[in-house]
Amino acid sequence: MEDWLQSLQVRWLDRLQTKLVLPTARTLYLFGAILCVVAALLGLLIALAFQLGAWQPATTQKVPDVVSDSPAAINFNRLDAHFTPPSNVRFSVDLPSLPAPLTTG
């Protein structure tokens, strides 16, 4: 009797696996693979669109004419005035006024 029940259980599980679990798993794997292929193709199309947008002829601009080859004259008097230290510097300290005479506390 036990052998019969065990064989019935094994056959029932085998049928369940064959009729339901394996086809469901295959279908899910198929949908997953299709989604991966579609995502890869979509990524390639987006990359191609960006590449086509980046392919543009190089813009050419005229270089401005050279005005003068000689360097600009430097005013050394202004430069010396800039680097000399200040003179006649004076500090005036304003002491704050106290509202009342100081106490020992």
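General observations
- First in segment 38-49 and open to solvent by less than 80 Å² (accessible area, probe 1.4 Å), second anywhere and at pLDDT below 95 and assigned to a helix (DSSP H, G or I), Cβ under 8 Å, 6 or more apart: none
- Hits in segment 56-91 - residues which are in a loop (DSSP other than H, G, I, E, B), open to solvent by less than 100 Å² (accessible area, probe 1.4 Å) and of a type outside the set (Val, Ile, Thr): ALA58, SER68, SER70, ALA72, ASN75, SER87
- ASP3 vs. criteria part of a helix (DSSP H, G or I), open to solvent by less than 100 Å² (accessible area, probe 1.4 Å) and modelled with pLDDT under 85: no
The values are calculated or read from the model by the stated rules, or taken from the named source; none is laboratory data. All values derive from a computational prediction rather than experimental measurement. A quick note on method: Cβ atoms are made from the backbone with ideal geometry, for glycine too, and the neighbour counts reach across all protein chains shown. All accessible areas refer to the heavy atoms of the entire protein, side chains included, with ligands and DNA or RNA removed. Shrake-Rupley method; radii C 1.70, N 1.55, O 1.52, S 1.80 Å.
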